[in-house]
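In what follows, a structure is listed as structure tokens, so that the remarks can point back to it.
The values are calculated or read from the model by the stated rules, or taken from the named source; none is laboratory data. In this text, all values refer to a predicted model and were calculated from it rather than measured experimentally. Positions of Cβ are backbone-derived with ideal geometry, glycine not excepted, and every protein chain shown enters the neighbour counts. We work out accessible area using only protein heavy atoms, side chains counted, and drop any ligands, DNA or RNA first. Shrake-Rupley method; radii C 1.70, N 1.55, O 1.52, S 1.80 Å.
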Amino acid sequence: MADASYPEDLKYHPEHDWARIDGDVATFGITWFAQDALGEVVFFDAPDVGSTVTKDESYAEVESVKAVSDVIAPLSGEVVEVNPALEDSPESINESSYEDGWMIKVRLSDPSQVDALLDQAAYVASLD
Amino acid sequence: MSSTTDLRRTPLYERHLAAGARVVPFAGWEMPVQYAGVKEEHLAVRSGCGVFDVSHMGEIRTHGPQAAEFLQRILSNDVDRLVVGGAQYSVLCLEDGGVIDDLFTYRLADDVYLTVTNASNHVKDLAWFGRWAQDYDVTVEDAFDEFAMLAVQGPDARRIASQVLGHELPLRFQTGGAIWNDADVLVAGTGYTGEDGVELLVPPAAAPALWDALLEAGAVPIGLGARDTLRMEACFHLYGNDLSEDRDPIGAGLGWACKESTGFVGSEAVAKARKDGSPHGEKLVPFRFTDKGIPRGGNTVVDGGTVTSGTFSPSLGVGIGMAYVPVERSDLGTPLQIDVRGRVRPAEVATKPLYQRPS
């Protein structure tokens, strides 16, 4: 498993989710802290493309051998893409939580919600 | 974060931290749930050798002229068939057949027996032993603090354990003794993984050095997470999940460990369940998912039944578990629909054990 890291170019939700903002589309995933707490991910239950996700609410489930966890949406919008590689390689969520382990892409319904997310420094401070 | 101040620690607690364990509260103890990761540890036991700290398990020593008669009265199996140097599995039943605990008993000498209890049931078991012992010339002792317990399991477990102990090991379901580092070691050919191996009961002070020697010889530390996935693949019951005071041993598939002719406490209820079926009409079956998803204890079976244990099987790569289902839907191959948090997943009743080690 990779060492702890929290990229500076991402926005963070206190429930240990990240968002990479690109115009009105954002990519979601879970942070290093979240995947470490969960252990080896063996199953990612993705939402359907076209469904809507709501900020602060669960949009998917991620399961390790020992537990299941809800994945919380950091922002609201419509799912435009689901990472197809996670069906066969859910372990990417552990091994590459910010790159290969991304979960979904969402067209944001209210891009101003981004302002409420934490920056890297604030998120890292919240982990102590 | 819950307070950990009143949790007990085994003599290997520092070793767990040193090995990078994630330690969690379990049945009143601070125990390692994982070191390298559940999946990796699981596969290490299936392919090599793992060592588990199971010092949270309890021990009850029963001795005296009527020890055999007494144990025959409360244990479900036929204690007359337990020879010196033997190990026998049985359940402890309430009068109504409900299961108080499932346990192994070792016969150490003619009139000395040691029974291994589940951590969360030890106090209850001890009280039950004490209650029935009054009618017999027998002494029941709480031997919890006398032993640390290490399980050494896997295809390489016997080689590694005998090399470390410098001693031949007892066969499966037998026990033997060894002296290691001036300490008495009770070696039992038992385990909870579906692999060959032994369980070692040692004085707590001797446990850390024995742990070190086993790691040095190639055993890998295994946490409770993998202990649970290993036992589920082997279809071994976990008390509190698959067994309880509300379930009888027949419905749980433990009829083989019950010999009603001995007249043990609860034998009438067990005999009735064997003849007429369990009072609740359900039977514990192993199952595997035929598609995606992971079952968990507490999930419901559509049209009746409850999952009592469930996980992702690292060996098989699918969701597996055990469920109580109506007897008429308990046959091998019967399709089941399991409600996993609102999503219905297809499964089928499978063969026991779910994982068969290559012979």
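Below are the figures for this structure:
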read-out	value
Over 29 Å between alpha carbons, listed pairs A:K11/B:K39; A:K66/B:K283; B:K39/B:K124; A:K66/B:K259; B:K259/B:K283	A:K11/B:K39; B:K39/B:K124; A:K66/B:K259
Whole-percent carbon and sulfur share, accessible surface of the stretch B:17-83, 1.4 Å	54
Average Cα contact separation per residue, the stretch A:11-126, under 8 Å, 6 or more apart, as relative contact order %	32
Average silhouette area of the stretch B:78-228, convex hull of alpha-carbon atoms, in square nanometres	9.7
The protein assembly as shown: projected area of the alpha-carbon convex hull, averaged over directions, in nm²	24.2
Listed residues B:Q337, B:Q34, B:Q174, most fluctuating in chain B (Gaussian network, C-alpha, under 10 Å)	B:Q337
Solvent-accessible area of A:E15 with every protein chain in place, 1.4 Å probe, in Å² to the nearest 10	110
Under-5 Å amide H pairs with B:V340, H placed in peptide plane, nonlocal only	B:R345
Cα pair distances in the stretch A:11-126, grouped into 10 Å bins until the bin that holds the longest one, percent each	15, 51, 30, 3
Accessible heavy-atom area order of B:R158, B:R357, highest first, probe of 1.4 Å	B:R357, B:R158
Average beta carbon contacts from partner chains per residue of B:291-303, 10 Å cutoff	2
In the A-B interface, the accessible area buried, summed over both sides, Å² (probe 1.4 Å)	1400
Area of B:K283 that stays accessible when all protein chains are in place (1.4 Å probe, Å², to 10)	80
Pairwise centroid distance, computed over Cα atoms, of the stretch B:314-359 with the stretch B:19-58, Å	25
Surface/4 of the Cα convex hull for the stretch B:281-359, nm²	4.9
Relative contact order [Cα under 8 Å, 6+ residues apart], chain B, whole percent	17
Nearest-10 value in Å² for the accessible area of B:T105, using the 1.4 Å probe	0
Portion, in percent, of the accessible area of the stretch B:243-359 that falls on carbon or sulfur, probe 1.4 Å	49
Whichever aspartates and glutamates have a C-alpha closer than 14 Å to that of A:K105, once near sequence neighbours (fewer than 8 apart) are set aside	A:D17, A:D22, A:D24, A:D48, A:E78, A:E81
Rounded Å value of the spacing that divides the Cα centres of the stretch B:123-165 and the stretch B:224-291	22
Hull volume in cubic angstrom per residue (convex hull over the Cα atoms of the stretch A:8-74)	89
P(r) weight above 13 Å for the stretch B:1-67, C-alpha pairs, percent	71
Overall form of chain B per C-alpha gyration tensor (a/c, 1.5; a/b vs b/c)	oblate
Per principal axis, descending, Cα span of the stretch B:58-145 in whole Å	30, 29, 24
Residue-normalised accessible area of chain B, given per residue in Å² at a 1.4 Å probe	40
Average Cα contact separation per residue, the stretch B:281-359, under 8 Å, 6 or more apart, as relative contact order %	37
Averaged over B:33-40, number of beta-carbon atoms from partner chains that fall within 10 Å	4
